[in-house]
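I have placed the structure first, in the form of structure tokens, so that the comments after it can refer back to it.
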Amino acid sequence: MDARLAPFATTPRLVVKIGSSLLVEGGAIRQTWLASVVADIAACRADGQQVVVVSSGAIALGARRLKLGKGGRGSLDDAQAAAAVGQIALARAWAELFAGHGIEAAQILLTLGDLEDRRRYLNVAATLDRLLALGAVPILNENDSVATQEIRFGDNDRLAARSGQAAGAGAVILLSDIDGLYTANPCEPGATLIPTVARIDDVAHMADGRSASGLGTGGMAAKIAAARIAVQAGMPLAIVDGRRDHPLTAFAKTGHGTVFTAESCTSARKAWLAGRLTVAGRLTIDAGAAAALATGKSLLAAGVVSVDGDFARGDAVEIAHAGSVIARGLTAYDAPDARAIAGARSDAQAAILGYAPRAAMVHRDQLVMV
């Protein structure tokens with residue numbers, strides 16, 4: 001087997017994400033196409049894989065039923081109402097098709113906070129693990145009926161990557177209305193497909209945030225952001241043409257698409273930190289501290305130049321040097337105390353704080369380079 005494709009075929013747990021433009025046409029589910037995807041997933045299960053599905057489409061389906069313009073995305077209120085109606089139809093379609101293969105489908109609706117808060121993240125992980133162990137196929141979607149701009153993923157590509165972390169998956173496939181990442185806009189002469197990406201920083205400039213169909217909220221920029229989350233957690237991610245019937249089978253046979261190869265896997269906690277989409281503040285550090293972090297050391301207060309944000313001890317913060325974020329970590333101090341001791345050596349911190357200082361501003365066990 002092609003080594004590039006092996007992780008997708010052999011991983012015990014696989015995440016498959018499906019965009020709105022593939023699943024919905026003219027406000028209705030593409031029933032024949034979806035049946036072919038379900039058949040592909042049933043075949044994966046027969047080969048011993050457990051599969052988690054991240055399915056868009058609720059807003060697009062609900063918009064037609066409620067006769068809303070702009071695909072239900074004319075306003076936040078419209079999108080929330082459309083999602084509430086469309087999610088019922090979406091769940092029914094998945095459940096009925098899987099039932100035809102003797103498989104139970106389960107629905108989980110998530111908001112950003114469910115995967116950003118550590119305790120809630122672990123609860124999601126436990127639920128997914130139990131459902132998969134019981135033989136069900138979890139169908140995940142963002143809970144658009146309650147999510148607002150401040151508490152939403154905004155696209156199911158990144159939701160798929162974060163859910164893959166929670167599920168302990170070994171690979172992620174994004175079924176899309178484009179067959180991969182190109183060297184330029186695919187409509188331009190000379191644009192060629194990039195089959196493998198080893199370093200995301202080399203290709204990040206090649207994408208924009210536009211959704212090709214106008215139905216979804218992603219675009220190639222969202223897919224590259226999802227790839228960054230996935231590969232940092234040790235999961236390769238593939239962007240695959242989902243427009244044909246049986247797209248998973250076709251990818252397994254041809255390998256056509258773009259595969260982002262995985263990095264060495266960090267601990268589960270550090271992978272969760274690296275994949276976070278929100279932080280409570282920022283610590284800006286000097287060159288000496290940046291060099292120390294690069295060798296695996298903790299961040300000491302003496303190396304902190306400035307403190308921004310209103311955070312509490314244990315909150316996630318980003319760590320920046322020379323204008324770029326280089327790490328994330330869980331801070332050992334509330335923001336006021338962090339500001340008070342920023343730049344101070346350890347022997348001076350007790351007098352400033354009025355209590356014995358902790359070992360580090362951010363301990364190396366609670367820190368990950370990004």
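General remarks:
- With respect to the stated conditions, Ser267 is out of contact with any helix residue (DSSP H, G or I) (no Cβ under 7 Å at 6 or more places or on another chain) and not basic (Lys, Arg).
- Strands (runs of 3 or more DSSP E) wholly inside segment 255-327 containing at least 2 residues that are closer than 23 Å to Ala227 by Cα: 258-260, 316-321
- The residues of segment 342-370 that are within 18 Å of Thr284 (Cα to Cα), β-branched (Val, Ile, Thr) and not in a strand (DSSP E or B) amount to a single one, Val370.
- A residue that is of a type in the set (Asp, Glu) and crowded, with 20+ Cβ neighbours inside 10 Å can be found somewhere in segment 135-145.
- The set of residues in segment 277-289 that are in contact with a helix residue (DSSP H, G or I) (Cβ under 8 Å, 6 or more places away or on another chain) and within 15 Å of Arg328 (Cα to Cα) comprises Leu277, Thr278, Gly281, Leu283, Ile285, Ala289.
- Hey, Leu132 within 18 Å of Ile229 (Cβ to Cβ), in contact (Cβ under 8 Å) with a residue 40 or more places away in the chain and assigned to a helix (DSSP H, G or I) or not: no
- Test: residue in segment 156-167 that is assigned to a loop (DSSP other than H, G, I, E, B) and of a type in the set (Gly, Ala, Ser): no
- Residue check for Arg199: of a type in the set (D, E, K, R) and modelled with pLDDT of 90 or more: yes
The values are calculated or read from the model by the stated rules, or taken from the named source; none is laboratory data. No experiment lies behind these values; they were computed from the predicted model shown. Glycine also receives a Cβ, built like all others from the backbone with ideal geometry; neighbour counts cover every protein chain displayed.
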